[in-house]
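Trainee: Let me begin by handing over the structure; questions about it come next.
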Amino acid sequence: HLDEVIPQILRSAVDLLEVNAAAVFLVEQDETGEPDEDPKLIAARYSVGLEYMEGRTITLPVATSYAGKAFSTGQVQVVQDVTAESAVVTARLTGDRTPSSMVVVPLAVPERKFGALSVYADRPWAFTQETIELVEAFGGQASVALGNAVLYYEAEIGKRTAEEEGARLRELEHMKDEFLSTAAHELRTPLTTVRMSAGLAKEQLDAMVQSGTADRRLADLIGLVVESSERMQALVNDLLDLTRLEQGRVAITMDDVDLRSVARASVEATAPL
């Protein structure tokens, strides 16, 4: 976690390099959490040995600060005598002291820039080439930590999005099951009425056909209505069974089916057309 890793890096840098202060400056972020492409300010989110004003971290302008220059140019900034650089804004050391020398290295990973790491000394010409290389090494560690934190954050966002999508899909599946179950039950009532009415009409027509007062073709058509209503009833029952199967409430029982009877029934259903 950044709140543990970055302060440890800063404390190690101060102790090993024997300097007075160190800080990690990060640029502002946009609403998506990405670093602002054109930030105006850069803030010391983590620091050791820097002066805090009214409980707030130090904020420096990108255009006129060493941290801002390191961030924007991607180049190491070495200032061996701050008094000779009066036009540039610097952070203040604890005790309202002005740093006399500093090294600032950019913090970045491929395709992403975070900010800068600064180390400060209260004496001029405090940094040798070896010290500067060590500061760059600390900057590399801080960049990796920041990159890992971004990847972790993005992974958490992806995981949370996947969980929300999964919950939404489960809710939709439940709604579909409820709809199918309700629709099937609602269809049963009119189908029962249709089957009963068609059955009674067929009985009457069969009797009339036998007495010669009705056409056989009319009785056959009513017979199709009876058969079709029975098929619809079977489909409704299948729909209910499918819903129960998807919910794990019904076990499938396999059985043999004579396909000839299926084909024969299909032919008989469509023959009048």
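The values are calculated or read from the model by the stated rules, or taken from the named source; none is laboratory data. Predicted model, so just to flag it, every value in this text is computed and none were measured. Surface accessibility is based on the protein's heavy atoms, side chains included, excluding ligands, DNA and RNA. Shrake-Rupley method; radii C 1.70, N 1.55, O 1.52, S 1.80 Å.
Trainee: Hey, what's the Kirkwood Rh for the stretch 191-247 if you take every pair of different alpha carbons, in angstrom?
Mentor: Working: mean 1/r = 0.0799 Å⁻¹.
One over the average 1/r among Cα pairs gives 12.5 Å for the stretch 191-247.
Trainee: To test your reading of the geometry: what angle, between 0 and 90 degrees and rounded to tens, separates the Cα axis of helix 129-211 from the longest principal axis of the chain?
Mentor: With both axes taken from Cα atoms, the answer is about 10 degrees.
Trainee: Which cross-chain or sequence-distant (5 or more) residues have an amide H under 5 Å from the amide H of L107, H modelled 1.01 Å from N in plane?
Mentor: F114, G115, A116, L117
Trainee: Hey, what's the Cα Rg ratio for the chain versus the globular rule of thumb, 2.2 N^0.38 Å?
Mentor: Values: Rg = 40.1 Å, N = 273, 2.2 N^0.38 = 18.5 Å.
Computed over Cα atoms of the chain, the ratio equals 2.16.
Trainee: May I ask you to give the solvent-accessible area per residue for the stretch 147-273, in square angstrom, as obtained with a 1.4 angstrom probe? Walk me through the numbers before you get to the answer.
Mentor: Working: 9780 Å² over 127 residues.
Using a 1.4 Å probe on heavy atoms only, each residue of the stretch 147-273 averages 77 Å².
Trainee: When the Kirkwood hydrodynamic radius is evaluated over all pairs of different C-alpha atoms of the stretch 136-249, what value in angstrom, to one decimal, is obtained?
Mentor: Values: mean 1/r = 0.0511 Å⁻¹.
With all distinct Cα pairs of the stretch 136-249 included, I get 19.6 Å.
Trainee: Another question, then. Where does helix 259-270 land angle-wise versus the long Cα axis of the chain, in degrees 0 to 90, nearest 10?
Mentor: With rounding to tens, the tilt is 80 degrees.
Trainee: Could you look at the chain and say what percent of its accessible area is carbon and sulfur, using a 1.4 Å probe and all protein chains? Provide the component values of the computation, followed by the final result.
Mentor: Details: 9570 of 17370 Å².
Solvent-exposed carbon and sulfur of the chain make up 55 percent of the total.
Trainee: Here's a follow-up. Amide H neighbours of A214 under 5 Å, at least 5 residues apart or on other chains, H built in the peptide plane: list them.
Mentor: It is V209, by chain and number.
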